[in-house]
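Read-outs throughout are calculated quantities, based only on the coordinates presented, and are distinct from any laboratory measurement. A quick note: this is a predicted structure, and the numbers were derived from the prediction, not measured. Don't worry about glycine lacking a Cβ; one is built from the backbone with ideal geometry, like all the others, and counts go over all protein chains shown.
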Amino acid sequence: MLELRPICENCAAALPPDASNPMICSFECIFCADCVDGVLENVCPNCGGGFTTRPTRPVRNWRGDNYLGAYPASVEQPHRPVDRDAHGRFAASMRVIPPRER
């Protein structure tokens, strides 16, 4: 179950459950689209993977209590700003490899 973390790990921008701009990697690292595009170059600083749009959890109980009310978003706020120089060196070797092949 996705935690739906509430902030960007890099810039701490709010990413509420219904936000349209959260990006997530396969390890559930969470960043805003601005950081993924402008800072990270689609390379996760934690695992080297690529990003995809974080899905939204239904707010209404359509079926089987699988909705935001039964499974609320996380309140954990993992704010770990990226060292741009170190990430730039790391991303330079990774960004040439398509995310699905990393």
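Under a Cβ-only charge scheme (Lys and Arg +1, Asp and Glu -1), can you give me the dipole magnitude of the chain about the Cα centre, in debye to the nearest 20?
220 debye
Taking the 0 to 90 degree range and rounding to the nearest ten, how far is the long axis of helix 84-94 tilted relative to the main principal axis of the chain, both from C-alpha atoms?
90 degrees
If you take the square roots of the eigenvalues of the alpha-carbon gyration tensor of segment 22-101 and sort them as a ≥ b ≥ c, do you get rounded (a/c under 1.5), prolate (a/b over b/c) or oblate?
Prolate, since a/c reaches 1.5 and a/b exceeds b/c.
Residue by residue through segment 35-40, which ³J(HN,Hα) values in whole Hz follow from phi under the Karplus form 6.51 cos²θ - 1.76 cosθ + 1.60 (θ = phi - 60°), with glycine and proline marked x?
Here the 3J(HN,Hα) series is 5, 4, 7, x, 10, 8 Hz.
Kindly state, to the nearest 0.05, the FRET efficiency for R95 paired with S74, given R0 = 30 Å and r defined as their beta-carbon distance.
Computed FRET efficiency for R95 and S74: 0.55.
Picking from L15, L40, L68, which is most flexible by a Gaussian network model of the chain using Cα springs under 10 Å?
Result for the chain, Cα springs under 10 Å: L68 fluctuates most.
Per residue of the chain, what 222 nm ellipticity follows from adding -39500 (n - 2.57) for every DSSP H run with n ≥ 4, rounded to the nearest 500?
Calculated from helices alone, the mean residue ellipticity at 222 nm is -4500 deg cm²/dmol.
I'd like to know which of P55, C44, A86 lies farthest towards the positive end of the charge dipole of the chain, counting +1 on Cβ of Lys and Arg and -1 on Cβ of Asp and Glu.
It is P55, whose Cα lies furthest towards the positive end.
Quick query: amide H of L68 versus all other amide H atoms, modeled in the peptide plane; which residues come in under 5 Å with a sequence gap of 5 or more or a different chain?
V59, R60
If you build a Gaussian network model of the chain, linking Cα atoms that sit under 10 Å apart, which residue out of E76, E28, E41 swings the most?
E76
Using the alpha-carbon centroid of each, what span in Å lies between segment 52-66 and segment 22-41?
One Cα centre to the other: 21 Å.
Got a sec to turn the phi values of segment 52-67 into Karplus ³J(HN,Hα) couplings, 6.51 cos²θ - 1.76 cosθ + 1.60 with θ = phi - 60°, whole Hz, x for Gly and Pro?
9, 5, 6, x, 9, 8, x, 8, 10, 7, 6, 6, x, 6, 9, 7
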